[in-house]
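Report on the following structure.
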């Protein structure tokens with residue numbers, strides 16, 4: 001009986017751990033409530049944050065706001081949206097700065113600071129941890145693959 005229980009535990013434990021990890025570390029993409037956009041493709045979000053696309057469809061300048069490099073939300077955002085590890089994006093920005101082609105987005109230290117920045121800047125786009133309550137202030141976008 002103990003062997004059967006042990007075998008069942010061995011089989012299911014990694015699956016449960018993967019499910020819990022994937023569900024708890026996700027992010028929400030947020031914009032100012034006046035922004036008419038309600039959904040974006042992952043590539044569009046990535047291009048905004050890498051400043052490969054710098055304008056909304058309206059022609060207004062996009063203001064991406066990142067979180068600090070060590071934040072779990074930033075790490076997850078980088079994996080989910082850019083499809084890269086954090087060091088790759090940091091390297092990308094170092095090359096952009098060194099070559100004079102661009103500077104990285106403004107960085108904030110917490111989900112709350114990102115929400116405040118988005119509320120203060122109608123053209124901003126940011127992200128927060130999935131579990132963060134955004135209240136009625138900001139709009140959460142639907143992100144398509």
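The values are calculated or read from the model by the stated rules, or taken from the named source; none is laboratory data. This is a predicted model, so every value here is computed, not measured. Positions of Cβ are generated from backbone atoms using ideal geometry, with glycine treated the same way; all protein chains shown enter the neighbour counts.
Assorted remarks:
- Residues that are surrounded by 17 or more Cβ atoms within 10 Å (Cβ to Cβ) and under 21 Å from residue 56 (Cβ atoms) within segment 121-133 comprise 123, 124, 125, 126, 127, 128, listed in sequence order.
- Number of residues in segment 27-53 that are in contact (Cβ under 8 Å) with a residue 12 or more places away in the chain and assigned to a helix (DSSP H, G or I): the value is 5.
- Segment 77-145 holds strands (runs of 3 or more DSSP E) entirely within its bounds, and those carrying 3 or more residues that are closer than 19 Å to residue 38 by Cβ and modelled with pLDDT of 95 or more map to 124-129, 139-144.
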